[in-house]
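Trainee: Below is one structure. I have some questions about it.
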Amino acid sequence: MFDNVWLIPLFPLIGFLINGFFGKKIKNEAVIGGIGTLMIFMSFIVSCGILLQMIGLPPEQRVFEKVLFPWIHSGNFKADMAFLVDPLSAVMIMVVTGVGSLIHLYSIGYMHGEEGFYRFFAYLNLFCMSMLLLVLGNNMLVMFIGWEGVGLCSYLLIGYYFHKKSAGDAAKKAFVMNRVGDFGFLIGLFTLYWWFGSNHNIWTINFTEIKAASHLLPYGGVVTVATLCFFVGATGKSAQIPLFTWLPDAMEGPTPVSALIHAATMVTAGVYMIGRMSFVFIKSPETMMVIAVVGAATAIFAATIGTAQNDIKRVLAYSTVSQLGFMFLAMGVGAFTAGIFHLMTHAFFKACLFLGSGSVIHSMHHALHKIHSHDDAQDMRNMGGLRSAMPITFITFLVSTIAISGIPGFSGFFSKDEILWQAFANPYHGGLNIVLWGVGALAACFTAFYMFRLVFMTFFGECRINAKAKSYLHESPLVITIPLMVLGFLAAVGGYIGLPKLIGDMFGGIPNYFEHWLEPVFALANQYSAQYAHHGAHPSHAFEWSLMGLSVVIALIGIGIAFTMYVQNKDLPGKFTATFPALHRAVYNKWYIDELYDFIFVNPCKAFGQFLWKGFDVIVVDGVVNGVANVVMGFSGIFRYIQSGYIYNYAFSMALGVVAILGYYIFK
Amino acid sequence: MDMISIPVVNMTPILPEIFLSVLAMVLLLLNVFSPSGKKSYLAYISFIGIAATAVLVGAGWGGHIESFSGAVILDNFATFFKMIFLLAAGLTVLISDQYMEREECNHGELYPLILFTVVGMMLMASGTDLMTIFLGLEVMSVSLYVLAGFNRNNKKSNEAGLKYFLLGAFSTGFLLYGMALTYGATGTTRVYKIASVVGQMTLPSANIMLLAGMLLMMTGFAFKIAAAPFHMWTPDVYEGAPTPMTAFMSAGPKAAGFAALLRILLVALPTLQIEWSQLLWVLAVLTMTVGNITALRQDNIKRMLAYSSIAHAGYALVGLVAGNGTGTAGILFYMLSYAFMNIGAFAIIILVSKKGETNGNVMDFAGLGFKRPLLAVAMTIFLFSLAGMPPTAGFIGKFYLFSGAVQKGYIWLAVIGVLNSAASVYYYLRVMVYMYMKEPTEEFEWTQVTAPVALALIISVAGSMIPGIVPSFILEFAQQAVKLI
């Protein structure tokens, strides 16, 4: 099965080619959507086969490299089109193809009747192929191809409604910000390649070879430079401070895109990349510190913004940014397994939340359309009481909300609690650990608050929609609700494969399967970390229990506040904003980050561009180019004149050439 | 009684040549018995024959057989080049039928002549004796003279044939004289023996006879590959010859010239590398510059591509100046990709132009992007590849050629090459500007794309793109091919 790994990205590629080239002619939505969904589902089946085979092998044999073909060999540089199958990439392909299949299926219903239906599925398939290349590549270049590919698809899909200016702007914003990050990725790649090559004559960009040679890397120094550059790449792709503002705008794309690309898969690429190169990152305590701090800061920062948004998808977008911050926090404290674990559970519950919001929007849109209202179908202030009209959407949404809020028994609790615990217990960042934990816990509190605010505003209370439209509200069709149910189920139980040791011991020693599964991948990084960080005395179980309890209490407080403000005493939010108008304005306007960026970067760049165009380009560049062109054209005229068409002229020129050559060599 | 002992000759190395020659003669006979106007089937038979020969040639990959007491050889180098020739011939046959029908000169002799040209080129690639190489060259050239003037009703075609013949004969004189002098200096015409004889000379570069022999041979081949200042025939012949033949001439015989030149310089005369690389440096710079600069002002697209083809010979010469593994493998890689992209571009020209070789200006491509988007996309790919833009084959080819030069310290040569390449973008892009940014000047009927032409276009597009995306495949073959010489 391992040998067939190349089939995984191939199927979506086929889907892309079919729908991309012939989709317009096929026209039939069922066929187009069916092909798109079937292709990614086939990848899912192959992924399952690989996973099953891998489970059957002893842990040390769970690595396999498949060289598809030699790609670029030039001097010392060698890059093959090759795939790396190991427990980490196995987790990723399962998430990408599994969640991907469900979202494709969902899209058949959601995108029904949209203009360019085929275009949507072609892009979606292309995205899946790129993402699979990204996670399967055995060297940095293949990963980079995928990295760029997902960026491109993200751009195409955010701008899917390209006739809307806001969608076009959002697509451009995402692309430009990603480019900034990609630049960092490339510099990091070059730095690492150059350092290994010039110091140890190991010219490689292959992960396995780098891993084998990673003991040569020093702690800090060049590794800090390289890893910080990689991390810049990660902040762009995964929407972390300072490159996070594109993600909320990316909600201009269709909702399935938000679910697949901007929640479950692409935005986690940065986390995956750090995990893939954990043995390099761990060698730089400084970078690890930066990652942890940026992660924690993003988590709390985005969470605060999420509390004041009224667009249902924007709340989820900020929530995604915040949850990604948690993952980076985990990576930054060396809890790689916890980070990947949260990546997986987050994929389940956040995809479910997005698809659920899509279902709500779908229904709202339909109802508003029926009464010819131009109210915003995504504004939560128009919703309310949808619980009775859309029971399946409501239940799955609620389950996922409970999961993300960190209520015990649901998947998000296990992964988030693990991150918070590791942030506290990690031996890397000295006294900072309490701060990291505190910030993380506070962000968790905000998470619970804004998520339940969303649920209460959308599904509880009385319906604020126009009474006429109310009767048109209905539950979405099966093709939409089935993915919701599957994802809701996973959001509930997906966490049990990674039970904390504490709880596992209580139930007769159930092991943490997920940690054991990823152990071979992160063993080396953990070994390096032990060389500079000395684990202190292990805190007592009682202490761990109390921290866990504390985080549950914090989550409950968040829910409680939301309940008070949006169910019990609905005047409170209004009073609150009236009391602290400045604070509310600042949060509502996303702390004015976009304006700040416009002021610092965008406007000066525009002014500089204007100068380059009007001043430099028109006068200097065009002047030089036109001057050169005129001179060259002059020569061209001379050559044309020599080319007379007469044979004797030609023969003469040949003879002259021969005489000149012979004369030079013989008499020199 | 004395018996004349007949040496045992291993025919394996020239099996493809024999096969093609027999096929050509059969086609000649068939032609006699088929009524005029019904010659298309000859094209199909030729194509199948070429494909079969390609299989035959391909089966010899990895082999190393000398035969005819060292006059011909079967090695990877020869095999690689033979594949290029067969490819060029195959594509040419595919695009010929429709064109020849339109120009009302679909005489059946065309296909046997193309096959004989291929036989000549193959001999040039596998010849390891100056005589064999010369024999091949003449078989090729004589057929080409006829092919260039094949459109008897067209004055320009006649002119092209005659010009090519006269100047070709002139250059053959130099070449043959060079071979004679080399024989005089070394006492042998076998390239491997020349190498050992020259290797034992105390100061070969002071041996005037040898030096003059080498230089004259180089001028002879410079004519065949259209290197400046021996390039003057190219624009006139390329413009006048029937378009499919122009396509063929720019891809096949040019590659054959390089095959022979590489074999002679690298195998027979490596001791004189300082001398010949010096001369080639000058030729390469001249050729690139003259080709590109003159192409800038051409409006006739065939003429423009003729100058561009001169420039491309210049790029390939850069790899030969380097003379190292990367550079020479680069030449092989480049010649192969060039066959795809150039014949592809000419196929589009055939489709755009009209009867009597009219409509052959760059301006006539106006609006192609809207009227025939697929053709325009194909043309864009060919032009991008010719201009050397990633991710096309042309880019990778140039990359290897220039990086070979850089490795050997010819930094300036590489810089001049890159600058030239940049200048060439202008005239390639000009076609694209017309295709996508101008409205067609007049309405006219577009030629239908027949199945063989469509096949040729698909092959050409694939051949212009795939080596650019996955260069290692082809490059590894090319590297193995140059390893043996």
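Trainee: Report yes if some residue within region B:149-165 is more than 14 Å from chain A (Cβ to nearest Cβ), among the hydrophobic types (A, V, I, L, M, F, W, C), in contact with a helix residue (DSSP H, G or I) (Cβ under 9 Å, 6 or more places away or on another chain) and crowded, with 23+ Cβ neighbours inside 10 Å; otherwise report no.
Mentor: Yes, because at least one residue in region B:149-165 is more than 14 Å from chain A (Cβ to nearest Cβ), among the hydrophobic types (A, V, I, L, M, F, W, C), in contact with a helix residue (DSSP H, G or I) (Cβ under 9 Å, 6 or more places away or on another chain) and crowded, with 23+ Cβ neighbours inside 10 Å.
Trainee: While we're on this one: Pairs needed: first member in region B:192-210, more than 14 Å from chain A (Cβ to nearest Cβ); second member anywhere, part of a helix (DSSP H, G or I) and of a type in the set (Ser, Thr, Tyr); C-beta distance under 7 Å; at least 6 residues apart or different chains.
Mentor: B:Ile194/B:Thr182; B:Ile194/B:Thr186; B:Val197/B:Thr186; B:Val198/B:Thr186; B:Val198/B:Thr271; B:Gly199/B:Thr271
Trainee: Additional query: For region B:323-332, how many residues are buried (at least 24 other Cβ atoms within 10 Å of the Cβ) and more than 14 Å from chain A (Cβ to nearest Cβ)?
Mentor: Qualifying residue count for the region: 3.
Trainee: Cβ-Cβ under 9 Å, sequence separation 6+ or interchain: first residue in region A:72-85 and under 22 Å from B:Phe399 (Cβ atoms) and within 11 Å of another protein chain (Cβ to nearest Cβ), partner in a strand (DSSP E or B) and aromatic (Phe, Trp, Tyr). Which pairs?
Mentor: These pairs meet every condition: A:Lys78/A:Trp71; A:Ala79/A:Trp71; A:Asp80/A:Phe69; A:Asp80/A:Trp71; A:Met81/A:Phe69; A:Met81/A:Trp71.
Trainee: In addition: Please go through (1) over 15 Å from A:Trp147 (Cα atoms); (2) buried (at least 24 other Cβ atoms within 10 Å of the Cβ); (3) at pLDDT 90 or above for A:Met94 and return the number of the only condition it doesn't satisfy.
Mentor: All conditions are met except number (2).
Trainee: Moving to a separate point now. Restricting to region A:639-654, name every residue that is assigned to a helix (DSSP H, G or I) and surrounded by 12 or more Cβ atoms within 10 Å (Cβ to Cβ).
Mentor: A:Phe639, A:Arg640, A:Ile642, A:Ile647, A:Asn649, A:Tyr650, A:Ala651, A:Phe652, A:Ser653, A:Met654
Trainee: Looking at B:Thr392, is it hydroxyl-bearing (Ser, Thr, Tyr), within 20 Å of the chain's Cα centre (by Cα) and more than 20 Å from B:Met249 (Cβ to Cβ)?
Mentor: yes
Trainee: Name the helices (runs of 4 or more DSSP H) wholly within region A:404-488 that hold at least 1 residues that are closer than 30 Å to A:His372 by Cβ?
Mentor: Helices (runs of 4 or more DSSP H) meeting the threshold: A:432-459, A:467-470.
Trainee: So, A:Asn630, is that one among the polar types (S, T, N, Q), under 30 Å from A:Ile305 (Cα atoms) and either out of contact with any helix residue (DSSP H, G or I) (no Cβ under 8 Å at 6 or more places or on another chain) or more than 12 Å from chain B (Cβ to nearest Cβ) (or both) or not?
Mentor: Answer is no for this residue.
Trainee: Mind listing just one residue for me: the one in region A:1-55 that is part of a loop (DSSP other than H, G, I, E, B) and not charged (D, E, K, R) and, of those, farthest from the chain's Cα centre (by Cα)?
Mentor: Applying the filter and picking the extreme gives A:Asn28.
Trainee: A:Phe301 - would you say it is in contact (Cβ under 8 Å) with a residue 40 or more places away in the chain, over 19 Å from A:Phe424 (Cα atoms) and either charged (D, E, K, R) or outside any loop (DSSP other than H, G, I, E, B) (or both)?
Mentor: Considered against the rule, which asks whether it is in contact (Cβ under 8 Å) with a residue 40 or more places away in the chain, over 19 Å from A:Phe424 (Cα atoms) and either charged (D, E, K, R) or outside any loop (DSSP other than H, G, I, E, B) (or both), A:Phe301 comes out as yes.
Trainee: Moving on. Restricting attention to region B:420-456, and to residues there that are within 29 Å of B:Thr287 (Cα to Cα) and among the hydrophobic types (A, V, I, L, M, F, W, C), which single residue is farthest from the other protein chains (Cβ to nearest Cβ)?
Mentor: Out of the qualifying residues, it is B:Met435.
Trainee: Right, B:Ile84: crowded, with 22+ Cβ neighbours inside 10 Å and at pLDDT 95 or above or not?
Mentor: yes
Trainee: Is it true that some residue in region A:31-39 is in contact with a Gly (Cβ under 6 Å, 6 or more places away or on another chain) and small (Gly, Ala, Ser)?
Mentor: Looking through region A:31-39, at least one residue is in contact with a Gly (Cβ under 6 Å, 6 or more places away or on another chain) and small (Gly, Ala, Ser).
Trainee: I need the full set of residues from region A:56-76 which are surrounded by 12 or more Cβ atoms within 10 Å (Cβ to Cβ) and either modelled with pLDDT of 90 or more or not in a strand (DSSP E or B) (or both), in order please.
Mentor: Scanning region A:56-76 gives A:Leu57, A:Pro59, A:Arg62, A:Val63.
Trainee: Is it the case that some residue within region A:370-380 is part of a helix (DSSP H, G or I) and either surrounded by fewer than 24 Cβ atoms within 10 Å (Cβ to Cβ) or modelled with pLDDT under 85 (or both)?
Mentor: There is at least one residue in region A:370-380 that is part of a helix (DSSP H, G or I) and either surrounded by fewer than 24 Cβ atoms within 10 Å (Cβ to Cβ) or modelled with pLDDT under 85 (or both).
Trainee: Does B:Ser403 fit the bill of being in contact with a strand residue (DSSP E or B) (Cβ under 8 Å, 6 or more places away or on another chain) and under 21 Å from B:Tyr334 (Cα atoms)?
Mentor: yes
Trainee: Out of all the residues in region B:396-409, which are closer than 21 Å to B:Val285 by Cβ and either within 11 Å of chain A (Cβ to nearest Cβ) or of a type outside the set (Lys, Arg) (or both)?
Mentor: B:Gly397, B:Phe399, B:Tyr400, B:Leu401, B:Phe402, B:Ser403, B:Gly404, B:Ala405, B:Val406, B:Gln407, B:Gly409
Trainee: Checking B:Trp412 against (1) under 30 Å from A:Phe77 (Cβ atoms); (2) away from chain A (no Cβ under 14 Å); (3) surrounded by 24 or more Cβ atoms within 10 Å (Cβ to Cβ), which single condition isn't satisfied?
Mentor: Tallying (1) under 30 Å from A:Phe77 (Cβ atoms); (2) away from chain A (no Cβ under 14 Å); (3) surrounded by 24 or more Cβ atoms within 10 Å (Cβ to Cβ), B:Trp412 fails exactly one: (3).
Trainee: Across region B:467-484, which residue is farthest from the other protein chains (Cβ to nearest Cβ) among those that are more than 20 Å from the chain's Cα centre (by Cα) and among the aliphatic types (A, V, I, L, M)?
Mentor: Step by step, filter region B:467-484, then rank; the result is B:Leu484.
Trainee: Related question: Among the numbered criteria (1) more than 14 Å from chain B (Cβ to nearest Cβ); (2) surrounded by 11 or more Cβ atoms within 10 Å (Cβ to Cβ); (3) not hydroxyl-bearing (Ser, Thr, Tyr), which one does A:Ile619 miss?
Mentor: (2)
Trainee: Restricting to region A:635-655, and then to whatever is at pLDDT 80 or above and more than 7 Å from every other protein chain (Cβ to nearest Cβ), can you tell me which residue is farthest from B:Gln298 (Cα to Cα)?
Mentor: Step by step, filter region A:635-655, then rank; the result is A:Ala655.
Trainee: For residues in region B:220-237 being of a type outside the set (A, V, I, L, M, F, W, C) and either surrounded by fewer than 24 Cβ atoms within 10 Å (Cβ to Cβ) or under 21 Å from B:Phe150 (Cβ atoms) (or both), which is nearest to the other protein chains (Cβ to nearest Cβ)?
Mentor: Restricting to residues being of a type outside the set (A, V, I, L, M, F, W, C) and either surrounded by fewer than 24 Cβ atoms within 10 Å (Cβ to Cβ) or under 21 Å from B:Phe150 (Cβ atoms) (or both), the top hit is B:Pro229.
The values are calculated or read from the model by the stated rules, or taken from the named source; none is laboratory data. Since the model is a prediction, treat every value here as computed from it, not as a measurement. Counting neighbours? That spans all protein chains shown, and the Cβs are built from the backbone with ideal geometry, glycine included.
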